[in-house]
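Q: Sharing a structure here in structure tokens format.
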Amino acid sequence: MTAVAVVPAAGAGERFGGDKILAPVDGTPMLERAVRSLLDGGVDAVVVVLGGEGADLRRLLPVLADRRVSVAVNHDPSRGMLSSIQTGLAGVTGDPILVLPADMPYVQSSTVAALLQSYDERAAIISPRCDGKRGHPVVIPGRHRDEILRMPPSVTLHALIRAHAGERADLEVADRGILRDVDTRDDLEAPA
């Protein structure tokens, strides 16, 4: 099993007021925290999908220099998050594939490890679930990679999940970070 993850980080962060992925979360840039949770949880390779600012961020985020991390550029992120997921998947293969948006910096690495273990046992689409709600990262079997690449970017990843509802499983976790995304600066101050 070679687990790969795609971290969509190409959005403009308009509601946040710009530079969202560099915002400090407990002293560490948001994007760095998201990528570290994946790597520390056992993911073998991470593709971070940025907008046109990719070269500048390499200097600012040490995690982007990790040999297990690569950067892809979505030149038109206005097409939606699926276009960033497709951009990231275009250059990698692996099984399973995890998707964790960069604005979800509170996911614990132990949750990532538990998701990988669960996938190893059942090879299904797996969502972490906490307090009755599904969150991220979602785990997708590698056999669905080409299907994702063929999807129109106007839809979301939920279209794939709905199409394969019979192979979806939930993993109960105690990690509220799977539900906590950061859209505005106030979200950084919200209690966990």
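The values are calculated or read from the model by the stated rules, or taken from the named source; none is laboratory data. None of the values given here were measured: they were computed from a predicted structure. Heads up, the Cβs are rebuilt from the backbone with ideal geometry, glycines too, and the neighbour counts pull from every protein chain shown.
Q: Checking L39 against (1) under 13 Å from the mean Cα position of the chain (by Cα); (2) crowded, with 21+ Cβ neighbours inside 10 Å, only one condition comes out false. Which one?
A: (2)
Q: Please determine whether any residue of segment 69-90 is within 22 Å of A169 (Cα to Cα), of a type in the set (D, E, K, R) and in a loop (DSSP other than H, G, I, E, B). Don't jump to the end; show me each part of the working.
A: Of all residues in segment 69-90, those within 22 Å of A169 (Cα to Cα) come to 82, 85.
Still in the list and also of a type in the set (D, E, K, R): none.
Checked segment 69-90: no residue is within 22 Å of A169 (Cα to Cα), of a type in the set (D, E, K, R) and in a loop (DSSP other than H, G, I, E, B).
Q: What are the residues in segment 64-106 that are under 13 Å from the mean Cα position of the chain (by Cα), of a type in the set (S, T, N, Q) and under 19 Å from M30 (Cβ atoms), if any?
A: The answer is S84, and nothing else.
Q: Filter segment 137-160 down to the residues that are out of contact with any strand residue (DSSP E or B) (no Cβ under 7 Å at 6 or more places or on another chain) and either part of a strand (DSSP E or B) or buried (at least 16 other Cβ atoms within 10 Å of the Cβ) (or both) and list them by number.
A: Quick first cut of segment 137-160, residues out of contact with any strand residue (DSSP E or B) (no Cβ under 7 Å at 6 or more places or on another chain) only: 143-144, 146-156, 158-160.
Result: H144, I148, M151, P153, L160.
Q: Can I ask one more? With the structure loaded, tell me whether D44 is among the acidic types (D, E), surrounded by fewer than 18 Cβ atoms within 10 Å (Cβ to Cβ) and at pLDDT 95 or above or whether it fails that test. If you could, list the steps in order and put the result at the bottom.
A: Working: among the acidic types (D, E): yes; surrounded by fewer than 18 Cβ atoms within 10 Å (Cβ to Cβ): yes; at pLDDT 95 or above: yes.
Yes.
Q: Quick one: in segment 107-123, of everything that is outside any helix (DSSP H, G or I) and modelled with pLDDT of 95 or more, which residue is nearest to the chain's Cα centre (by Cα)?
A: Going through the qualifying residues, I end up with V107.
Q: In segment 1-41, how many are assigned to a strand (DSSP E or B) and either basic (K, R) or at pLDDT 95 or above (or both)? Can you show your working first?
A: Going residue by residue through segment 1-41, those that are assigned to a strand (DSSP E or B) are 2, 4-9, 24-25, 28-29.
Right, trim to either basic (K, R) or at pLDDT 95 or above (or both) and you get 4-7.
The number of residues fulfilling the criteria is 4.
Q: Being over 22 Å from R33 (Cβ atoms), hydrophobic (A, V, I, L, M, F, W, C) and either surrounded by fewer than 21 Cβ atoms within 10 Å (Cβ to Cβ) or touching a residue at least 12 places away in the same chain (Cβ under 8 Å) (or both) narrows it down to one residue among L89, L50; which is it?
A: Numbers: L50 fails: over 22 Å from R33 (Cβ atoms).
Result of the check over L89, L50: L89.
Q: If you check every pair at least six apart or on different chains, which have Cβ atoms under 6 Å apart with a residue in segment 1-12 that is at positive phi and hydrophobic (A, V, I, L, M, F, W, C) first and a residue that is modelled with pLDDT of 95 or more and not in a loop (DSSP other than H, G, I, E, B) second?
A: none
Q: Right, here's the next one. What number of residues within segment 173-191 are closer than 21 Å to L115 by Cα and either exposed (fewer than 12 other Cβ atoms within 10 Å of the Cβ) or touching a helix residue (DSSP H, G or I) at 6+ places or on another chain (Cβ under 9 Å) (or both)?
A: Selection size over segment 173-191: 7.
Q: Here is a follow-up. If you go through segment 161-192 one residue at a time, how many are touching a residue at least 24 places away in the same chain (Cβ under 8 Å), among the basic types (K, R) and assigned to a helix (DSSP H, G or I)?
A: Count: 1.
Q: Now, a different point. In this structure, does S127 turn out to be crowded, with 16+ Cβ neighbours inside 10 Å, outside any loop (DSSP other than H, G, I, E, B), among the polar types (S, T, N, Q) and touching a strand residue (DSSP E or B) at 6+ places or on another chain (Cβ under 8 Å)? Steps first, answer last, please.
A: Numbers: crowded, with 16+ Cβ neighbours inside 10 Å: yes; outside any loop (DSSP other than H, G, I, E, B): yes; among the polar types (S, T, N, Q): yes; touching a strand residue (DSSP E or B) at 6+ places or on another chain (Cβ under 8 Å): yes.
So S127 passes the test.
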